[in-house]
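Heads up, the thing below is written out as C-alpha cells.
Nothing in this text is a laboratory measurement; each read-out follows from the coordinates by a stated rule. Model, not experiment: these values are computed from the prediction. For neighbour counting, all protein chains shown are included, and Cβ atoms are generated from backbone atoms with ideal geometry for every residue, glycine included.
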C-alpha cells in the first residue's frame, strides 16, 4: 500500500522522509517537481502521477505537499484520505501543520508516522489512541522533559485498541463533565449580477467537545431532522438508529471531534444574508476603470452579520486600486491581483461602500470579463437552515453533565458574479447570420 | 599495522584504560568535556603510532558486539570491563584518527555509549532527525543497536525506528538484535509482543525468514487481536522478502480469515490480496461473516474488504442486469434440487446481503469508504439501485481538492453510461473560478456528458461564462466541450456553431485558435451550408498565428475548395509568400491545399503549386520533403508515375469521415471504478481485473458455514465464550442444530435440571423432535385438486428473513401435477390489505411434473392471524392462507447468563420477529410437576405459546 512519504515545501525542499517498506530514493520526487514546474499554481499539480516504477499521490495542505509513493494498485482515495488524516493529526498535535512546526517536532512526527502505518497499511489513526501512545507536546511538558529527562511517549500502554470502541479510551475521569456541540453551517452560493440565486446550498457540520467521565451513551435529537438531506458520521454514530429514528446515538470519543457533516435538502430555499450593489467597469479609452460596491443586509434572521469581507480576483491588467472605503479597510495584493476589503460588522443603518478608480497597465487590452466577488461573513447564534437540536440525553452514567449547543453561520463559497458583458449566446445566431450576409 | 607492534601498543591501551578508569570513577566518562580532556592528555603519548592503534582496536570491537547485543542491561554496563574497554577503544580510535575534524556523528556515538539515559535519548532523537531528513546515519549502527533492550520505552521505540531503516544495510549487526525480539514476543503485554513482531518482520534480512515464519505462526494464534493484526501485516512483509514461503503463509491467512475480530479482518484481507488473490475458495466460508462484520471494521479495513468482495461477487453470482434474456438457474439452498428450466432472475441471498450491509457505509466520514461502496453498487447492484450512491458521491465533492479530483474522474466515467444518475445534481458540477485547472476540466467533462435536449441551453449558457475565464487553457477546453455538445445533440449544432463563430473575433488567440479547430471538426460533419463560415475564417486567416488553427483553416480551404472557388487560390497565394516562415504542420497543409487546388482549379494555381512544391523540396524538415515528393508524383503527370496519377483526384478528394468528438472517459470503464488504474487510465502494477458475471452461478452452498455465530465484535475472550453458549440458528446449519435438538430433547423429556439449554425455536413437539434442517414441517397451502393441477406447500425455514428483518421467512414449494404447463405464477391480492408480503418473482412457466421452491417474507406483526393472499396463474386465481404457529414468530436471541437470570431464570430466550419484543421461557422443576413460565410483554402471544408448549410436553 503506502510505501513512502515525503514532505515537501513550496520551494521544493524535501524536509522529511519516511519509508514503511524498503527505502526509495528521493529522486523519485523529481517527477513531481517536473509536474510542479508545469503547473501555474501549486493547487494545479495533479494529485496522481505515474512514473516508470512508482505512482505518486500527493495532497497539498497548508503550503506543504504530502507526497506518498505507492508501487501497486491501491484505491487512490485511500491514500489521499490517509494523507489528510496525517495532516489533521499534525494540526491536532501541534496546533498547525507547517514546515517549521514539523521540523521542530520531528521526533514526535516520526513516532506518529510509525504508529499510524504498519507496512503501509493504517494501524492507528484515531487521535484518541495516538494521544495515549504519544503525548502531544505542551510548553509545560517540554520544560519538564528537559529538566527531568522524561519523555513524551506514554509509559502505560493504551487500552483503546482492544475495545469495540477504538475511539474512546477507558477510565476517563473529569471533575467537570461537559458536552458542547457547535452547529456550524456554511452557505455555498453563486448569485448573478441582478442578485438572483444561480445556485445555493447549505453544508453543515456538528463539531463536538465532549469531556465526560466513564462510558456515557449519548442521544442527540433534532427538532427538524427532515431538513437533513445527506449526512455522514463519525464512526461512533449508530447507523441503524439514525435510519429508524433520525436521532444520533453514540458513545462519544473523548475530547474534540466532528460528529457529523450534513447537507440541507435542496427543496428548502436558502436564505441569502446579504445583498451586493456593485458596478465595476473598465473604460474603453484610457487605462483605468471604476469600482463601486455597496453591501447591505438581506435575510439575516434578525442577527448581525459579522466578519464581513470581500475578496475580488482582479484581471491581470489591473495595476493598482485607488479606493475609499466608508467602513473597514482594503488592500490590493499586486502579485496575486487580489483586492481584499475587510469590513467587519455590517451596520444596517450605514451601509459600507467602497468606491474609486482602478488603474490598468497601459496598452493592455480592456479585460473582457468582470471579476466576481467572493464574500466571507459570519452570523452568530443562528443556523441559517433553521436546524435546531431539541435535546441531548445521556445514558450509562449517573452524573448530570453540562450541556450546550452553539449555532454559527458562515459563508462558504459565496460568490457574486458580475458578468457585465453578458451577451446571450442563444439569441445571437440570427444577428450573426445577418452579419455574414451583409459582409459577403 | 604490523603484528610486531601489537604487544607494546596493546599494553599502552591497557595502560590508558586503567588510567582512564581511575578518572572515570569521578567523572562520568562520555560527557563531552571529560572525554575531550582525556583525549588531549593521551595524544602526546600515542600520536606516533595512531594508525596502528586504530587497527588493533577495531579487532576487539568487532568481537565484542555479541556482548552488547544480546541485550545486556545497560545498567550493569559499568561493571562489564569488556564492554567498557570496547567503548573506550572506540573513543580512542576516533580521537587518534581525527582529533581535529570531529563530525557530529561522533558526538552522537559518544552520547549513545554513555550510561545516562537522557543523553542516549537525546542522541537517538538527533539520529531520528537525521533519518527524517534522509541523511545517512548508518555508521552509528553498532552504537544504536545495543540500546535495543533499553527499558525506556521511548528510547526503545526510536531504536526500533532506526533498526527498521538500516537493518538491510547492516545485516550482520542487525542479526544481533534478533534475540531481543524473540524474547519480547513472549512478553505478557500485548503491545510489546505486537511491536516486537512489527520490528522483527520489518528487518529485511533473508537469514531470519524461518524465525519470522515461526513468529508469525505463533502470533496468528495469539490471544490478543491486536497481535494477530500485526501478524497479518507481517505476512505481507515476509512474502515480499521471500515469495517461496507462499504456501505456508496461505495457511496462516486461511486461519486468520476465520478470525472473528473486527480488528483483524481488514489486515488479513490486505494480506490475502497481496499473497493469494486468486484463492477465492478461502473466502467462501468467510463471506457471510465478512459481510456481517463490515460495519464494525475500522474504516481502512472496510475499504479493502469491500473491494475484495466486489471481485468475489463478480465470480460467484449471476448478473442482476439482464432480467429478460439471462437464464438464471435457481437452486434451492435447502434441498439442492436443480431446476432444469429457466426461472426469472432471483438474486442470490448472499448477493443481497452484501448490498444491504454495505449501504449504511455510504454515510461514512471516510471518503475512501464511500467511494468503495459506490463502486460496489456500480459493479454489483441491479441498475435501478445504483442511484442511491449519487447523493453520497456528490457530497464528497465538498471535500479536499484531491478527493474531488478522484471522485470527479469516477463520476465522469459513470455519467457516460448513466446520464440520469447525475442529472439532478448538475449544478454541483458548475465550475467556480477558484477551482484548480484539473478540477475545472473534469467538471466540464461531466457537464458535457450530462447534456441532453432538455438541459442543453442551461449548459451552454454556463459554458459561455467559462469561455471568458481568465484561465485560457480552461477556456480552450470549454470550446472543445461546446463542440462535443454540438455533435451529440443535433438540435443545437447550429447554435453552437454560430456561437463558436462569434468567438472567432475574440481578442484572445488561444480561444480563437481552439474555435477554429472545433469549427473545422463541426463543419466536417455537415459541410453543405456553411461556405459563409469558411469565408469568414479565410478572412481571419491573416490575424491568426497559432499554427494548429492556421493548419485547420488551410485544410478546410482545401477540402471545400470548390465551395469557395475564389478565395482558396488567394489563400494559397498568401501562403506561397510566407511558406518558409511557417511551422511544419502549416507547411504540410499548404502542400495539401496546393495539391487539391491543382486538381480542381489547375488553370489558376498551376504555377503557385509548382512554386510551393519547389519550396517544399528543399525544406529542412524531411517530413515536408517527403510529402512534397509524394504529392508531386501523385498530381503532376510524368512518365514514371503513370498508374497512380489517374486516381489522384479520388485519393486526395475522397469524402472523409467526420471525426468523432467523444469523451476522454469513454473507455475508462474497462477498469474497476475507484482504483488507481482507473485514475491513471492504464493498468497499474498489481491491478486485478474484475471478472465478468458467470453465466451460471457456481454452487452457492460453499458459503454455508458449519456453525453460525452471531456477528460479534467483542474482544476475543468474550466471543469465544459466547460461541459455546449460543447455539446456531436452526435453519442454517445442519450439524449445529442437530446437536442442539438432540440435547434439548432429553431435557424436556426427563426434565433434568439444566440451567441454560441451548436455544431453539420452541414449537409444537413434532417440530422439535424432527431434525430441524430441511423442511421442518410442511403445511398444505393449496391442494392440486382445488388448484387445477397447481399444488403448493409451505414451511418455515426458520432463517432470519433476507428481505426485511421484521418478516418471517416462508418457503413455498410449487408443483405442477397437471398435464399442461402453467404460466405466470405470482401472488395477487392480499388481505388484510395492509399485509406486508415480500412476494417471490413471477414464475414464467412451470412444466408438468416440475416443481420449484420459492421464498417469500411475510410480516405477521407478531400475531397468529392468518395471512391471506391469492396465488395466481395466467388463467386462475386461488385464495390461500398461511397461518403461523406462535413459535414461528419467535427468533432465538443471545443473552448472557446473568442477563437471563436477571430477567428470569429459565431455558429459552427469544425475540418476536416483527417487533423484537423479548420472550423468555423458563422451566422450573419440582418433585413431580414442572412450572413453566413465559415472560413477555405480548400477553396474547404468551398464552398461545403456553398452550402450545403444554401440548408438546404432554405428548412427550
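Numbers below:
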item	result
Highest to lowest packing among B:824-831, A:130-137, A:62-69, scored as the average C-beta count within 10 Å	A:62-69, A:130-137, B:824-831
Fluctuation leader among A:412, A:363, A:12 - chain A, Gaussian network, Cα springs under 10 angstrom	A:363
Listed residues A:217, A:88, A:13, most fluctuating in chain A (Gaussian network, C-alpha, under 10 Å)	A:13
Relative exposure of A:186, B:559, A:397, B:445, judged by other C-beta atoms within 10 Å (fewest first)	A:397, A:186, B:559, B:445
FRET efficiency, residue B:214 to residue B:169 (Cβ-Cβ, R0 25 Å, nearest 0.05)	0.50
Ranked B:201, B:855, B:817, criterion: other C-beta atoms within 10 Å, fewest first	B:817, B:855, B:201
P(r) of region B:198-254 over all Cα-Cα pairs, binned every 10 Å from zero, in whole percent	27, 61, 12
FRET efficiency, residue B:618 to residue B:653 (Cβ-Cβ, R0 22 Å, nearest 0.05)	0.20
Nearest-0.05 FRET efficiency for residue A:350 and residue A:197, computed from C-beta distance (R0 30 Å)	0.70
Likely footprinting exposure, A:359, B:267, fewest C-beta neighbours within 10 Å first	A:359, B:267
Globularity index of region B:561-654, i.e. its alpha-carbon radius of gyration over 2.2 N^0.38 Å	1.01
Cα Rg, Dmax (largest Cα-Cα span) when computed across chain A, Å	26.5, 92
Cα-based equivalent ellipsoid, region A:298-391: semi-axes from gyration tensor eigenvalues, Å	33, 15, 10
Over region B:400-506: Rg over Rh, Cα atoms, Kirkwood Rh	0.95
Test item: A:228-240 mean partner chain Cβ contacts at 10 Å	4
Distance cut-off 20 Å, percentage of C-alpha pairs in region A:29-117 lying past it	39 percent
Residue of A:199, A:250, A:414 that the Gaussian network model of chain A assigns the largest fluctuation, springs spanning Cα pairs under 10 Å	A:199
Projected area, mean over directions - region B:360-439, Cα convex hull, nm²	5.1 nm²
Expected 222 nm ellipticity per residue - DSSP helices of 4 or more, -39500 (n - 2.57), all of chain A, to 500	-5500 deg cm²/dmol
Mean Cα-pair separation over length for region A:310-362, i.e. relative contact order, pairs under 8 Å, 6 or more apart, %	48 percent
Span per principal axis, largest first, for the Cα atoms of region B:205-289 (Å)	40, 29, 15
Whole-number percent relative contact order across chain A, with pairs defined as alpha carbons under 8 Å at least 6 apart	14 percent
For B:295-307, mean number of other protein chain Cβ atoms within 10 Å	4
Relative contact order for region B:779-885, counting Cα pairs under 8 Å that sit 6 or more residues apart, in percent	26 percent
Neighbouring partner chain Cβ atoms per residue of A:55-61, average, 10 Å criterion	3
When region B:779-885 is reduced to its Cα atoms, the Kirkwood hydrodynamic radius in Å	13.9 Å
Additional length obtainable on full extension of the chain from residue B:491 to residue B:636, 0.36 nm per residue less Cα span	47.8 nm
Burial ranking of peptide ranges B:274-287, B:302-315 (average Cβ count within 10 Å, highest at the top)	B:302-315, B:274-287
Two-decimal ratio, region B:466-541, of alpha-carbon radius of gyration to 2.2 N^0.38 Å	1.02
